Every structure is written in C-alpha cells, then in structure tokens.
Amino acid sequence: MSIYGSFGGFDDDTSTGRQPPLVYKGSHILPRMDNPRGGSLDLAHICGFISREGPAHDGDQGDAEEYWPYLRVSLNDPWHEGTIVLDVHQVDTLIADLQSWREHVDMNRLDK
C-alpha cells in the first residue's frame, strides 16, 4: 500500500472540473487554449500519521492534517517525452494546491 495521498493535479478525470494539460507541440510552437489536451500532472503528500516504521504505532495516530516535507510530483505524457503545458488557469490552481500542501507541512519531520 502506498504511503502517498494524492491531491490536486490535472488528468482526464473530468468529474474534478479540471482539464488535462495541453499537449506540448514543440519549443517552436506557441500554445493555444484550443490545442489538444492529454497526459497528467499528479501531486501526492505523506500524512503525519505515517512513520518510518509504518502507519501509526503504539496508539499514536499522529496528525492527518500535517504532512511530511516531501511532495511527489508525477508527470505523464506518452506523446512528447514527459512534456506538458499548463494554461494560466491551471497554474493558478497548481499554486493553490501547492500552497495548501505547504501550509500542512510539519518541518519538525525534515530530519527524521
């Protein structure tokens, strides 16, 4: 079982109200909002109740609202070697996702 909890990001799951990223067409082509979309950018955190020994030991549940200071970022684009393009609305959403993650990071865990 994964220790990571997915949140935010962009993929083809339209039930989230988020569109997939724009498909990268090359460094010589200016993107357009009506370009094809595909691939995904996924974010995941590690909840505070996870320990090096595994999930919560000795009744210590830790804090699900505090995260370890490690963020997993996954990028998937089978068409262009892992390159996607985010539009300005997606960048705003990504900023909000990252700010939310950062607010929950427990810096006391950095050296653990």
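When the residues of segment 10-44 are filtered to those that are part of a strand (DSSP E or B) and not acidic (Asp, Glu), which remaining residue is nearest to Trp79 (Cα to Cα)?
First, pick out the residues of segment 10-44 that are part of a strand (DSSP E or B): 10, 22-23, 37, 40-44.
Adding the requirement that they be not acidic (Asp, Glu) leaves 10, 22-23, 37, 40-41, 43-44.
Values: Phe10: 16, Leu22: 11, Val23: 8, Arg37: 11, Ser40: 12, Leu41: 14, Leu43: 21, Ala44: 23 Å.
Step by step, filter segment 10-44, then rank; the result is Val23.
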Exercise. Can you name the residue in segment 34-65 that is of a type in the set (Asp, Glu) and modelled with pLDDT of 90 or more and, of all such residues, is surrounded by the most Cβ atoms within 10 Å (Cβ to Cβ)?
Worked result: Asp42
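When segment 1-31 is examined, which residues are found to be in contact with a Leu (Cβ under 8 Å, 6 or more places away or on another chain) and of a type outside the set (A, V, I, L, M)? Give the steps one after another, and end with the answer.
Of all residues in segment 1-31, those in contact with a Leu (Cβ under 8 Å, 6 or more places away or on another chain) come to 6-11, 21-22, 31.
Once the filter is applied, which keeps residues that are in contact with a Leu (Cβ under 8 Å, 6 or more places away or on another chain) and of a type outside the set (A, V, I, L, M), segment 1-31 yields Ser6, Phe7, Gly8, Gly9, Phe10, Asp11, Pro21, Pro31.
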Exercise. Using beta carbons and a limit of 9 Å, which pairs, at least six apart or on different chains, have the first residue in segment 92-110 and under 13 Å from Phe10 (Cβ atoms) and the second one assigned to a loop (DSSP other than H, G, I, E, B) and of a type in the set (Val, Ile, Thr)?
Worked result: none
Problem set entry | Qualifying residues in segment 6-24 (those that are free of Cβ contacts under 8 Å to residues at least 12 places away in the same chain and either among the polar types (S, T, N, Q) or within 16 Å of Thr83 (Cβ to Cβ) (or both)) - the one surrounded by the most Cβ atoms within 10 Å (Cβ to Cβ) | Thr16
Exercise. Where residues in segment 66-77 are modelled with pLDDT of 90 or more and outside any loop (DSSP other than H, G, I, E, B), which of them is surrounded by the most Cβ atoms within 10 Å (Cβ to Cβ)?
Worked result: Tyr67
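The values are calculated or read from the model by the stated rules, or taken from the named source; none is laboratory data. This is a predicted model, so every value here is computed, not measured. As a convention, Cβ positions derive from the backbone with ideal geometry for all residues, glycine included, and neighbour counts pool all protein chains shown.
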